[in-house]
Amino acid sequence: MQAKTYFEPCLFWQNCNVTQNTMFLTFSFLILAAFFAGLIDSIAGGGGLISLPALLATGIPPHLALGTNKFQSTLGTTVATLNFHRKAKIIWKIALVGIPCSLAGSVFGARLALLIDQTILAKVLVVILPPAAILMFSSKTLLKHITVTSPSIVDFWVLTPIICTVIGIYDGFFGPGTGTFLIVGLVLVSHLPLINASATAKTFNLASNIGAFITFALAGEVNFIIGALMAGGNILGNFIGSHYAIKHGNALVHKIVYISIATLFTYLVIKYF
């Protein structure tokens, strides 16, 4: 069977019987969603809670939505990882232990997603969305009461790889909130300072993004046109958010996230259920 390719913009619909205006509006919506995802990521994390539901909301099949989201998030995470590396915030000793585990876990998660029928997968992704959002935001409260200590041998060689593997599987299968879950895990288990945990988590997140992206790409489930456009919006959102939006505080950002997730979730429930 010939592998599918998704370089043509109209191929993510069930057919190409769409007008240019419809295509323009759809692209604009996805770029805007990616922009706000980047804006939110730069301040509070959780941009994937916006970008993936947005892809599903446009009618993109679930497998293709997952693969395209991985493509655009891989580009955005690469920029963030390089920035942390330049600032010497990454603990590479820990990163090198967890990267292979994140990569392997995400490949497994992506392959698991590809095995599930599109109709069933769409419903699974919609059901996972609210718990992922709640867990992501509530888990951050744990970080305020953690005392930073040196990781033990068990923390370093056993628990850190386990965390990276498990969260890597989650990232390959679904994705939103992965960065936050990795940060929480590194602070709780590896006992890293928050800034170092954030930086080191980016290396794991990048590895899991790459693993999942390659898996979906080999299956022909990536739209490179849409992914590149969304990546541009995502990077711009990250840039503006890190320089300006921080002035308005996390409370405003969280309100935007809650409203966006609630709106997209309601639409997806109506669409798939």
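Leu66 passes every criterion in (1) out of contact with any Phe, Trp or Tyr (no Cβ under 7 Å at 6 or more places or on another chain); (2) part of a helix (DSSP H, G or I) apart from (1). Among the residues of segment 67-106, the one identified as in contact with a Cys (Cβ under 7 Å, 6 or more places away or on another chain) and of a type in the set (Ser, Thr, Tyr) is Ser102.
How many residues are at pLDDT 85 or above and either closer than 19 Å to Leu125 by Cβ or surrounded by 13 or more Cβ atoms within 10 Å (Cβ to Cβ) (or both) if we restrict to segment 26-55? Steps first, please.
Our first condition is that a residue be at pLDDT 85 or above; within segment 26-55, this holds for 26-37, 48-55.
Those still in the list that are either closer than 19 Å to Leu125 by Cβ or surrounded by 13 or more Cβ atoms within 10 Å (Cβ to Cβ) (or both) too: 26-27, 29-37, 48-55.
Qualifying residue count, segment 26-55: 19.
Restricting attention to segment 73-92, report how many residues are outside any helix (DSSP H, G or I) and surrounded by fewer than 14 Cβ atoms within 10 Å (Cβ to Cβ). Break it down stepwise before answering.
As a first pass, look at segment 73-92 and keep what is outside any helix (DSSP H, G or I): 87-91.
Then drop every residue that is not surrounded by fewer than 14 Cβ atoms within 10 Å (Cβ to Cβ), which leaves 87-88.
Summing the residues that are outside any helix (DSSP H, G or I) and surrounded by fewer than 14 Cβ atoms within 10 Å (Cβ to Cβ) in segment 73-92 gives 2.
Can you name every residue in segment 183-195 that is surrounded by fewer than 19 Cβ atoms within 10 Å (Cβ to Cβ) and assigned to a helix (DSSP H, G or I)? Leu188, Leu194, Ile195, listed by residue number. Contact annotation: no residue pair with Cβ atoms under 6 Å, 6 or more positions apart or on different chains, pairs a residue in segment 260-273 that is under 13 Å from Ala133 (Cβ atoms) with a partner that is surrounded by fewer than 17 Cβ atoms within 10 Å (Cβ to Cβ). Note on segment 43-63: among residues that are over 13 Å from the mean Cα position of the chain (by Cα) and part of a helix (DSSP H, G or I), the one that is farthest from Thr203 (Cα to Cα) is Ala57.
The values are calculated or read from the model by the stated rules, or taken from the named source; none is laboratory data. Being a predicted model, the structure only gives us computed values, none of them experimental. Note that each Cβ is placed from the backbone with ideal geometry, even for glycine, and that neighbours are counted across all protein chains shown.
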